[in-house]
């Protein structure tokens, strides 16, 4: 068995790329990509890992709450078979995601938040 050295961020992206949902005998990739705003907390590790994985699409956003609402809308449109990961910097950026996360939770819509 060959050992692979990865950072935590690289391993996270690799893990997310290998998540699938199986419904009615059809298998779908669960994560369509990543929405994000980079700041002091996530730019070095996660940003670099996303850059190294161009097949895991990254969309730069301007508002944390809007990106979570967009991920939830995408998941609802895809009948909960696919969603987006959302990342923001810690502090106010993460706080702005809470309202949209609560809305997704109440409606049982899958989104993954990485503050």
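Structural remarks
- Ranked list, fewest to most other Cβ atoms within 10 Å of each Cβ, for 27, 48: 27, 48
- Gained length - residue 108 relative to residue 1, 0.36 nm times residue gap less alpha-carbon distance: 34.5 nm
- The residue 26 and residue 98 beta-carbon pair, evaluated with R₀ = 35 Å, returns a calculated FRET efficiency of approximately 0.55.
- Near-label residues of the stretch 74-112 by backbone N, under 14 Å of a point 7 Å along Cα→Cβ of residue 15: 112
- Share of pairwise Cα-Cα distances greater than 16 Å in the chain is 59 percent (whole percent).
- Rounded to the nearest 500, the 222 nm mean residue ellipticity of the chain from helices alone is -11500 deg cm²/dmol, with -39,500 (n - 2.57) taken per DSSP H run of at least 4 residues.
- Among beta bridges identified by DSSP and lying wholly in the stretch 16-102, the antiparallel ones come to about 30 percent.
- Pairs of Cα atoms nearer than 8 Å and 6+ residues apart set the relative contact order; for the chain it is 27 percent.
Every number in this text was worked out from the coordinates using simple rules, so none of it is lab data. Note that the coordinates shown come from a computational prediction; the quantities given were computed from them, not determined experimentally. Glycine gets a Cβ as well: all are built from the backbone with ideal geometry, and neighbour counts include every protein chain shown.
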